[in-house]
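To start, the structure itself, in structure tokens.
The values are calculated or read from the model by the stated rules, or taken from the named source; none is laboratory data. All values reported here derive from a predicted model rather than from experimental measurement. Here the Cβ positions follow ideal geometry from the backbone for every residue, glycine too, while neighbour counts run over all protein chains shown. Heads up: the accessible areas ignore ligands, DNA and RNA and are worked out on the full protein's heavy atoms, side chains in. Shrake-Rupley method; radii C 1.70, N 1.55, O 1.52, S 1.80 Å.
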Amino acid sequence: MKRLDTKELERITGGFSTWAALGIVSAVLFLSGVFGGIVHPKSCGE
């Protein structure tokens, strides 16, 4: 097994990015809000 130095570690790409995780979480929250609005509609006067 080869030991990698810092420069080689910085050049490694791939995996799961933070932006992808944030995108998935926001999509789930948005869709749950849409579903909640469809299931429990409220009028504008409330």
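In the chain, what percent of the accessible surface is made up of carbon and sulfur (1.4 Å probe, ligands and nucleic acids excluded)? List each step's numbers first, then the result.
Numbers: 3170 of 4740 Å².
The computed percentage sits at 67.
Using the charge dipole of the chain (Lys, Arg: +1 at Cβ; Asp, Glu: -1 at Cβ; taken about the Cα centre), state which of A20, V34, G45 has its Cα farthest towards the positive end.
Farthest towards the positive end: A20.
In the stretch 11-42, which chymotrypsin sites (Phe, Trp or Tyr not before Pro) are in a loop and have at most 16 other Cβ atoms within 10 Å, using DSSP for the loop call? Could you put the intermediate results ahead of the total?
Values: sites: F16, W19, F30, F35; in loops: F16.
Passing sites in the stretch 11-42 are F16.
How far apart, in nm, are the 7 Å Cα→Cβ label points at L22 and T6?
2.6 nm
So if I place +1 on the C-beta of Lys and Arg and -1 on the C-beta of Asp and Glu, and nothing else carries charge, what would the dipole magnitude of the chain be about its Cα centre? I want it in debye, nearest 20. Don't skip to the end; give the middle numbers.
Values: 5 positive and 4 negative charges, 41 e Å.
That gives a dipole near 200 debye.
With a 1.4 Å probe and all protein chains left in place, how much accessible area per residue does the chain have, in Å²? Write down the numbers at each step before the final one.
Values: 4740 Å² over 46 residues.
With all protein chains present, the chain gives 103 Å² per residue.
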